[in-house]
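Any read-out appearing in this document is the output of simple, stated calculations on the displayed coordinates, not a laboratory observation. Note that this is a predicted model, so its numbers are computed, not measured. Note that each Cβ is placed from the backbone with ideal geometry, even for glycine, and that neighbours are counted across all protein chains shown.
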């Protein structure tokens, strides 16, 4: 089961993932990200604090946007991952390609430096 | 002792696979992080089979057995049909996957990083993939 919630805070769009992302529902994550970007998001944060599991299908969705993000200067970060999920990002070295921060309060200040 | 599961070839069955593994892996002394990764590795192999070898046909089945073999954890995944030999599968470069905006291809990379050994054999139309992991050092099978 995967539930997606969208929140806007200041200049940032937050997409909260609740539940588990696998090959049966990763397309929903893809659609949500696409929608948010089409609506002109400049900084997308993924709230992973209620994400219990993510397989390669979900990781692949994030990876497929990384080039676009850097070409279009769109900020992107993930926060709130639990230990198990966070380790999965590390296995592939995705923690070096995606900005992963511990919590929302850190994430919300990203890119705001003068 | 072994745990067995018959899995229907549809991606909706993956959640059932995870709860089966959650239970059957409990007995072996793995940490929560290790169990999570083992579940992920098995799911990646099964998702691959479901989508690529069985075209998500829910009438077709994959058979799983979790057991102890030669003092190691062995998860045996059996199916019939087109063989997918993950030992021969060339793992893609992460940078390339990103450049090509591919949404797949990294699952098998995860499996190879998580498992200690992978065996594959195909005989008389039956394919067997064995994912093997050493028990934690404190665990006595």
### Per-region count, region B:48-99, residues assigned to a strand (DSSP E or B), touching a helix residue (DSSP H, G or I) at 6+ places or on another chain (Cβ under 8 Å) and surrounded by fewer than 17 Cβ atoms within 10 Å (Cβ to Cβ)
1
### region A:10-61: number of residues that are out of contact with any helix residue (DSSP H, G or I) (no Cβ under 6 Å at 6 or more places or on another chain) and part of a loop (DSSP other than H, G, I, E, B)
7
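So, of the residues in region A:78-102 that are part of a helix (DSSP H, G or I) and facing another protein chain (nearest Cβ under 7 Å), which turns out to be farthest from residue A:48 (Cα to Cα)?
Only one residue tops the list, namely A:91.
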### Task
Name the single residue, out of those in region B:100-118 being part of a helix (DSSP H, G or I) and surrounded by fewer than 18 Cβ atoms within 10 Å (Cβ to Cβ), that is farthest from the other protein chains (Cβ to nearest Cβ).
B:112
#### Entry: Among residues of region B:115-141, those that are in contact (Cβ under 8 Å) with a residue 12 or more places away in the chain, within 28 Å of residue B:27 (Cβ to Cβ) and touching a strand residue (DSSP E or B) at 6+ places or on another chain (Cβ under 8 Å), counted
17
### Query
Restricted to region A:58-77, and to residues that are surrounded by fewer than 20 Cβ atoms within 10 Å (Cβ to Cβ) and farther than 19 Å from residue A:47 by Cβ, which residue is farthest from the other protein chains (Cβ to nearest Cβ)?
A:73
### Task
Could you check residue A:33 against (1) facing another protein chain (nearest Cβ under 9 Å); (2) under 12 Å from the mean Cα position of the chain (by Cα) and say which number it fails?
(1)
### Task
Select from region B:25-47 the residues that are farther than 15 Å from residue A:53 by Cβ and surrounded by fewer than 22 Cβ atoms within 10 Å (Cβ to Cβ) and write down the one among them that is farthest from the other protein chains (Cβ to nearest Cβ).
B:27
